[in-house]
Amino acid sequence: MFDLDGEARERLIVWIRRRMDEFGITLEELEASSAADAQKAPMYRDAYGNTWDGQGERPEWLTRAVNAGQNMEHFRC
């Protein structure tokens with residue numbers, strides 16, 4: 001994560017607000033999108049970037065790892 005303060009932070013805020021205006025994005029839409037992203041956050045991840053949110057059928061990459069003797073909790077985010 002970047003640590004911005006002072007003028008750099010203010011310039012970034014101005015840039016973001018201009019892009020939001022340019023593309024017609026409201027704060028409400030941005031908040032809703034953030035909430036949706038949080039709900040989709042993965043519960044499991046492997047070293048290759050495969051992820052699973054814990055919903056639905058367990059993915060093949062995780063099933064293979066468990067069948068090979070790995071504990072599923074090893075992959076929990």
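Of the residues making up region 26-47, those that are free of Cβ contacts under 8 Å to residues at least 24 places away in the same chain and in a loop (DSSP other than H, G, I, E, B) number 3. Evaluation of Phe23 against the conditions (1) aromatic (Phe, Trp, Tyr); (2) touching a residue at least 12 places away in the same chain (Cβ under 8 Å); (3) exposed (fewer than 13 other Cβ atoms within 10 Å of the Cβ) shows that the sole unmet condition is (2). The number of residues in region 1-20 being exposed (fewer than 10 other Cβ atoms within 10 Å of the Cβ) and at pLDDT below 85 comes to 4.
Any residue that is in a helix (DSSP H, G or I) and either touching a residue at least 60 places away in the same chain (Cβ under 8 Å) or surrounded by 12 or more Cβ atoms within 10 Å (Cβ to Cβ) (or both) - is there at least one of those in region 48-62? Yes, region 48-62 has at least one match. One residue stands out in region 26-47 among those that are farther than 30 Å from Trp15 by Cβ and surrounded by 11 or more Cβ atoms within 10 Å (Cβ to Cβ): the one that is farthest from the chain's Cα centre (by Cα), namely Asp46. Checking the structure you have, find out if any residue of region 26-44 is in contact with a Phe, Trp or Tyr (Cβ under 7 Å, 6 or more places away or on another chain) and not hydroxyl-bearing (Ser, Thr, Tyr). Among the residues of region 26-44, at least one is in contact with a Phe, Trp or Tyr (Cβ under 7 Å, 6 or more places away or on another chain) and not hydroxyl-bearing (Ser, Thr, Tyr), which makes the answer yes.
The values are calculated or read from the model by the stated rules, or taken from the named source; none is laboratory data. What you see is a predicted model; the values in this text were computed from it and never measured. Virtual Cβ from ideal backbone geometry, glycine too; neighbours counted across all protein chains shown.
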